[in-house]
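Any read-out appearing in this document is the output of simple, stated calculations on the displayed coordinates, not a laboratory observation. Owing to the predicted nature of the structure, the values given are computational and were not obtained by experimental measurement. Note that each Cβ is placed from the backbone with ideal geometry, even for glycine, and that neighbours are counted across all protein chains shown.
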Amino acid sequence: MTRRQLLSAVAAAPLAAAQKPNVVLIVADDLGFVDLGCCGDNSIHTPNIDSLARDGVRFTDFVVSWPACTPSRSSILTGRYPQRNGLYDMIRNDEVNWKHQFTEEDYAVSPEMTLGLDLREVTLGQLLKSAGYATAAVGKWDSGRARRFLPTQRGFDFFYGFANTGIDYYTHERYGIPSMFRNMERIKESGHATDLFTREAVHFIDANRARPFFLYLPYNAPHGASTFDKQAPQVPEEFLARYKGDRRAQYKALITHMDAGIGRILSQLKQHSLDANTLVIFTSDNGGGGKSNGPLRGGKATLWEGGLRVPLLARWPGIIPAGSTCSQFASTMELFPTLAAVSGAKLPPVHLDGFNMLPLLQGKPGKHRTGMFFQRRAGKAARIGEYKWIDSPGANGLYHLPTDPGEQRDLSGSKPELFHQARSRWQAWRAEMDAAEPRGPFRDY
Ligand SMILES: [Ca+2]
């Protein structure tokens, strides 16, 4: 240890003992339910993420509020249903999917540019900032790209990343539109997005090691690149080489690359002796695309479990028992009230749809979720206890998840009361959402 390191360690040490815990919330993008070594797929090399499960808790029945990016993230940020906070669909331009190439002028007035999370919503950044935390959002914001919606206007002291829903990992463009920001300024840097996010995350931890900090780190890996050039490499060769000949080589390499970044972040915490006083959470914003969700049916964009169920890992030495698993039902809407409890922040005076799940993380008796409701366009679903009701174009029925996680055996004929009860509870929930205080950008208020 150099003299400078020694002095800084001495300066930081007495504070650390009495300090509020730091929080690092890592959100992967489109990572399937089983696509980690610790979650079942040993062909995917994720030693650092796996270490969170080894040293903490892994949930087996944890879901998101919507099976794709924007609305799912809105619930992470607010602790509320997308239908309540207003962000109940993607805020992206579908034109690019049909090969429309924007000019800068075009794009400035596009839906993607003008829409975002309602400014009356309280974000996790605001919540933890109110408790005295240094706050940063590093990675994929996806909650509005116009300046008023950017993280630094929404409770985060620092932002490095992109604000729309996807980019090319190397050019940082979304279908030709430059998309990377540092705070409020659009920037152009070279490097892989995962490496840049890791670099900025490590720097933020380093700069704020002597005070409580909240790092929201939504990597965009392993999401497919939003680029016209589908042949362009999107992950460093050294990571790709491991999966040579694998049909899903790029996807798996993007995960392993992100895992290496997470390894650097965990090392940085350890180096500053912050690991004991830091809650690290890892999850995904929705299930994997296609058939990458192990025993679960469906994937991203569907209301089957494959679209909704994601890994949740949490490490907090001395507070969360190492190597534990939790099979209780919970969701990303729980993160907001949980982090309020962890940070000592006062809850905002709004209706929250989540609850404090800290006892669940600790393996203690406490509240767990008994029901949850989902809507994606014409698709509806409800989770009532162990049962899941789904009524979607091309998909419907009632399934008993503990014995049928693959949602194969429709029980609606043999359990008609449960089927009708689930449907009527969904309708009551929908009526509650309609009666809630209107929020933009999609609600008419
Ligand atoms: Ca996603």
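Numbers for the structure displayed
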| read-out | value |
| --- | --- |
| Cα-based shape type of the chain, given that a ≥ b ≥ c are square roots of the gyration tensor eigenvalues and the cut on a/c is 1.5 | rounded |
| Cα centroid of the range 208-242 to Cα centroid of the range 358-418, whole Å | 32 Å |
| Filtered trypsin sites (Lys or Arg not before Pro), the range 63-111: DSSP coil and at most 11 other beta carbons within 10 Å | LYS99 |
| Chain lengthening between HIS351 and GLN421 when straightened (0.36 nm per residue, less Cα-Cα) | 22.8 nm |
| GNM top mover of LEU266, LEU117, LEU313 - the chain, alpha-carbon springs below 10 Å | LEU266 |
| Anisotropy class of the range 265-374 from Cα gyration tensor, a/c 1.5 cut | oblate |
| Highest average packing first - 292-298, 107-113, Cβ atoms within 10 Å | 292-298, 107-113 |
| Segment GLN408-LYS364, length gained on full extension (0.36 nm per residue, minus Cα span) | 12.6 nm |
| Packing-based order for 373-379, 85-91, 150-156, 199-205, using average beta carbon neighbours within 10 Å, highest first | 85-91, 150-156, 199-205, 373-379 |
| Kyte-Doolittle mean at least -1.0, axial Cα span of 27 Å or more - DSSP H helices of the chain | 249-271 |
| Antiparallel %, DSSP beta bridges [both residues in the range 21-369], to 5 | 40 percent |
| Length-normalised contact order of the range 210-331 in % [C-alpha pairs under 8 Å, at least 6 apart] | 16 percent |
| Where labels lie 7 Å past Cα in the beta-carbon direction, separation of GLU105 and HIS203 in nm | 3.5 nm |
| Helix-derived mean residue ellipticity, 222 nm - over the chain, DSSP H n ≥ 4, -39500 (n - 2.57), to 500 | -8500 deg cm²/dmol |
| Qualifying trypsin sites (Lys or Arg not before Pro) in the range 328-369, DSSP loop, other Cβ atoms within 10 Å at most 12 | LYS346 |
| The chain, relative contact order in percent, only Cα pairs under 8 angstrom and at least six apart counted | 24 percent |
| Loop-located chymotrypsin sites (Phe, Trp or Tyr not before Pro) in the range 262-350, at most 13 other Cβ atoms within 10 Å (DSSP) | none |
